Structure formats: structure tokens, C-alpha cells
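K.L.:
Dumping the structure here so I can ask a few things about it.
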Amino acid sequence: MHRIYNFSAGPAVLPVQVLQEASKGVLEINNSGMSILEVSHRGKDYEEIHHETTERLLRVLGLSAETHTALFLGGGASMQFAMLPMNFLSKEQTADYINTGEWSSKAIKDAKRFGNVNVAGSSEDSLFSVLPTQFNFTTGARYVHITTNNTIEGTEFFPMPYTAGVPLVADCSSDIFAVNRDHHQFDLMYAGAQKNAGPAGVTMVIARKVFLETATEDLPPMLSYKTHAKADSLYNTPPAFSIYVVGLVLKWIEEQGGLGKLEARNRHKAALIYDALDSYPDVYEPAVKNIAHRSLMNITFRLRDKGREKQFLEGAEAKNMQGLKGHRSVGGFRASVYNAFPEDGCEALAEYLKSFVHTA
Ligand SMILES: *Cc1c(COP(=O)(O)O)cnc(C)c1O
């Protein structure tokens, strides 16, 4: 099998082992005489995969099924921007949002349709190249919303801000399973699978049960978390294939030794690239200067000499490295190095960054 170094931000690289197992499942699942693409979501073969994946998801995050609910929904992380306030925010209530980039800004825009939004911290003035460190939270806010990793800008929260008991809700789309956090600090987390957890088509929502119970029921059933919680994400046809592959990724994560091992590996991988960038400040400009705010997943940088951007990309492609172009809204370059991105690919990029300095 021919593999490139895929630095794409999402959909993104998956473990080869997962691709191999998934391709077998596409042909036949559990000696059933059917493909995973063909089985009924009400049948035994799929139901087993579904429930096992739900259990595995909570286990990998270090959460218990007694206290937490894990859901698999359609619509992408973007749908959660609306579904969250629809379920938890009313016109008389205020939710606090931390604005750290394009995805947070979209979440804020949607929340404003349903209730009051207080932007409790923002780094918009610095074009989102840092994380805010000062927050003005609302006493009695319905929840605080944070984006743990800013996929486009390349910043990532490690300690979460202290919210004084206000429920913390997090968009973890691009760093779920990458950092060994204490996930009990979140009352609700959501993540589209296609960055670090599987293929596109499914979004994971993990919520503390007591928080979920406070959601409104006055909603069309498909848009209500309670509907999906009551039905174990089988209210309607779930994105079965995507859930199946997320299950394979979770199995792979457990085989790797869990989130602690993955975080250590991710720190090493990111350091290879940041160190190379920082070694040549006359040539490269990392977009995020504050080391404590730098993402382990999405490494954003520019060339001081913009005239060499095309040469840089072409040289990288000649060395099997693809997907390094930055997001269209910020330009420059972005190396996305999720859990499944191999260490030798980070070494290859670091080598290339060093060699490019010497090619005029
Ligand atoms: C990619 C991304 C989204 C949007 O995800 P979709 O599944 O495409 O809707 C939202 N938030 C973050 C942090 C992301 O990285």
C-alpha cells in the first residue's frame, strides 16, 4: 500500500491497522454474510458494535456510564453549535463563550439566536494567535463554552479556565483523544469524528447525566439530546459505518496504551516540528509565539519571504508531504499531526524545514 504523509486538517490520517480492519468489515462483518454497509441498525451484528463503541468511548475518556452519556449524532460539529443552545439556553438566560477562533465565532453566532451570549474572553484583537487569559464570567451563567483546540489558528487550551461551578461545555473536535485530560471537568463535550477519531459523518456528544437532565424537552425529537439519550443513539438510523470505524480507532487507542501514552507521543511529535521552526527565526514565523498556547495537533506557520511559499509547498510534495497549505482564511502553512500521524512524518517535515533554509 502506498502512503503519503497526510498533513490534512480533516478529514485526516487514520491508523493503517484501522483501515485494514475497516476494509474487511466493508466486505463482511462477523461472518454474517453481509457488509457493515448492509446490516440493519436494528440487527444483532450492528447493535453489538454500537454498544461496544459507546462503552469504549466512555472508558477511553476515563468516564463511567453511571454518570455520563455518550451519543453518536449526525450533522457534524457545526450542528452542535445550534443544538447545544437549543437544548440548554433560553431568551432569559445567559451563556458565556470564549472566542478563540473561527469555530468559536460560529458557535457564538448560533447561540445568539437562542439566548443571551456574554463573550467572557476573546483573543480576536490578536487575530486569535494567542489564548485569552482574562475572563469575565457571568454569575449563574447557563454554561461556559470553550473550544479546546483551535484547528485553524493553531492554539490549544491545556488547563481549562476556572468557571466557579458553572457547567463547562467544550468543542473538542480537533483534540479529543489527543490529550490526557481529566474529562470530569466537562459537563458536555462534542467532537466531529473526522479530525482525530474516525471518518466524517458522526459527531460524538459526551455529557454528564445530571447536566443532560436539565435540557429542555420542547424540541423536535431529532434536535433533542434527550431523545437520542433515551434511545442510545438509535432513535433513527445512525451513521453506522462511521460509528464502526470510530470503534476501531478507540480499540487502537487502547492498544497504544491509552490517552497518557498518546499525549506523550503527540508532545514529542509536535516538538520536532516546533523546534525546527524556532531554530530559523529569519526564515519561519510560527503563528503562535506563546509556547504554552501552541497546539499539539495543528502547527501553524508562515515563511518570512512569502514569495517562496509555492516553492516550499512543491518541495514538500516532492518529498511525499501533502496537505500543508494553511486554512484559506489565514494563509501560510499548517501541519496537522493528529494521533494517527506517524512520528517519522514529523521527522521528515523537520528535516525538510532545515534543508529548505539552505535552498535559495
Ligand atoms: C472541524 C471543526 C468543526 C466543524 O466540524 P464539522 O464536522 O465540519 O461541522 C467545529 N469545531 C472545530 C474545533 C473543528 O475543528
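The numbers here are math on the coordinates, done by the rules we state, and not lab data. No experiment lies behind these values; they were computed from the predicted model shown. As a convention, Cβ positions derive from the backbone with ideal geometry for all residues, glycine included, and neighbour counts pool all protein chains shown.
K.L.:
Provide the net charge surrounding Gly198, with neighbours chosen by a C-beta distance below 14 Å and charges set as Lys +1, Arg +1, Asp -1, Glu -1.
P.N.:
Spelling it out: positives minus negatives among the neighbours equals +2.
K.L.:
Would you please give the FRET efficiency between Leu313 and Glu92, computed as 1/(1 + (r/R0)^6) with r the Cβ-Cβ distance and R0 = 51 Å, to the nearest 0.05?
P.N.:
Details: r = 51 Å, r/R0 = 1.00.
E(calc), rounded to 0.05, equals 0.50.
K.L.:
Divide by every residue of the chain the summed helix terms, -39500 (n - 2.57) for each DSSP H run of at least 4, and state the resulting mean residue ellipticity at 222 nm, rounded to the nearest 500 deg cm²/dmol.
P.N.:
Numbers: 10 runs with 125 residues, N = 360.
Rounded to the nearest 500, it is -11000 deg cm²/dmol.
K.L.:
Shifting gears a bit: Give me the percent of DSSP beta bridges within the stretch 16-256 that run antiparallel, rounded to the nearest 5.
P.N.:
45 percent
K.L.:
Would you mind checking which residues have amide H under 5 Å from Asn180's amide H? H placed 1.01 Å from N; only 5 or more apart, or other chain.
P.N.:
The answer is Glu263.
K.L.:
Out of Asn180, Gly33, Met79, whose Cα points farthest toward the positive end of the dipole of the stretch 16-256 (charges: +1 Lys, Arg; -1 Asp, Glu; placed on Cβ)?
P.N.:
With unit charges placed on the Cβ atoms, the residue in question is Met79.
K.L.:
Which of the peptides 222-229, 306-313 is most tightly packed, and how do the rest follow, judged by the mean count of other Cβ atoms within 10 Å per residue?
P.N.:
In descending order of packing, they fall as 222-229, 306-313.
K.L.:
Place a label point 7 angstrom from the Cα of Asp344 along the Cα-to-Cβ direction, then list the residues of the stretch 8-44 whose backbone nitrogen is under 18 Å away.
P.N.:
Taking a point 7 Å out along Cα→Cβ of Asp344, the residues of the stretch 8-44 whose backbone N falls under 18 Å are 13-20.
K.L.:
Determine which residues of the stretch 62-93 fall in the zone a paramagnetic label at Glu55 would reach in this model, i.e. backbone nitrogen under 18 Å from the point 7 Å along Cα→Cβ.
P.N.:
62-72
K.L.:
Of Gly10, Leu61, Ser123, whose Cα points farthest to the positive end of the dipole of the chain (charges on the beta-carbon: +1 Lys, Arg; -1 Asp, Glu; origin at the Cα centre)?
P.N.:
Going by the Cα projections, it comes out as Ser123.
K.L.:
Shifting gears a bit: Pulled fully out, how much extra length does the chain show between Thr67 and Ala231, if you take 0.36 nm times their separation in residues and subtract their Cα-Cα distance?
P.N.:
Values: separation 164, 0.36 × 164 = 59.04 nm, distance 1.69 nm.
Gain on extension, Thr67 to Ala231, equals 57.4 nm.
K.L.:
Does the stretch 123-216 come out rounded, prolate or oblate by the C-alpha gyration tensor, with a ≥ b ≥ c the root eigenvalues, rounded set by a/c under 1.5 and, if not, prolate when a/b is larger than b/c and oblate if not?
P.N.:
Numbers: a/c = 1.87, a/b = 1.02, b/c = 1.83.
Judged from the Cα gyration tensor, the stretch 123-216 comes out oblate (a/c at least 1.5, b/c at or above a/b).
K.L.:
Also, I was wondering about something else. Work out the length of the dipole vector of the chain about its Cα centre, built from +1 on the beta-carbon of each Lys and Arg and -1 on the beta-carbon of each Asp and Glu, and round it to the nearest 20 debye. Don't skip to the end; give the middle numbers.
P.N.:
Numbers: 35 positive and 40 negative charges, 109 e Å.
Dipole about the Cα centre, nearest 20: 520 debye.
K.L.:
Restricting things to alpha carbons, tell me how big the stretch 253-360 is in terms of Rg and Dmax, in Å.
P.N.:
For the stretch 253-360, the Cα radius of gyration and maximum Cα-Cα distance read 13.9, 46 Å.
K.L.:
State, as an integer percentage, the relative contact order of the stretch 16-256 based on alpha-carbon contacts under 8 Å between residues 6 or more apart.
P.N.:
On the way: 426 pairs, mean separation 59.2, N = 241.
It comes to 25 percent, rounded to a whole number.
K.L.:
Please quote Rg/Rh for the chain to two decimal places, taking the Kirkwood radius as Rh and restricting both calculations to Cα atoms.
P.N.:
Value, to two decimals: 0.98.
K.L.:
Hey, another quick one. Given R₀ = 25 Å, what would the calculated FRET efficiency be for Ser40 paired with Gln17, taking r from the Cβ atoms and rounding to 0.05?
P.N.:
0.35
K.L.:
While we're here: Full extension from Glu47 to His184: what is 0.36 nm times the residue separation minus their Cα-Cα distance, to one decimal in nm?
P.N.:
Here the answer is 46.6 nm.
K.L.:
Give the separation of the Cα centroids, the stretch 122-167 to the stretch 222-288, in Å.
P.N.:
Using only Cα atoms to place each centre, the spacing works out to 20 Å.
K.L.:
Using a simple spin-label model with points 7 Å from Cα along the Cα→Cβ vector, what separation in nm is obtained for Ser329 and Tyr280?
P.N.:
3.0 nm
K.L.:
Need the full-extension length gain, Asp305 to Leu219, defined as separation in residues times 0.36 nm minus the C-alpha distance. One decimal, nm.
P.N.:
25.7 nm is the gain from fully extending Asp305 to Leu219.
K.L.:
Could you run the Karplus curve 6.51 cos²θ - 1.76 cosθ + 1.60 with θ = phi - 60° over the stretch 177-193 and give me ³J(HN,Hα) per residue in whole Hz, x for Gly and Pro?
P.N.:
Using θ = phi - 60°, the values come out as 6, 9, 10, 7, 7, 7, 6, 5, 6, 9, 8, 8, 10, 9, 7, x, 6 Hz.
K.L.:
So, by mean Cβ neighbours within 10 angstrom, what's the order for 171-178, 15-22 with the highest one leading?
P.N.:
171-178, 15-22
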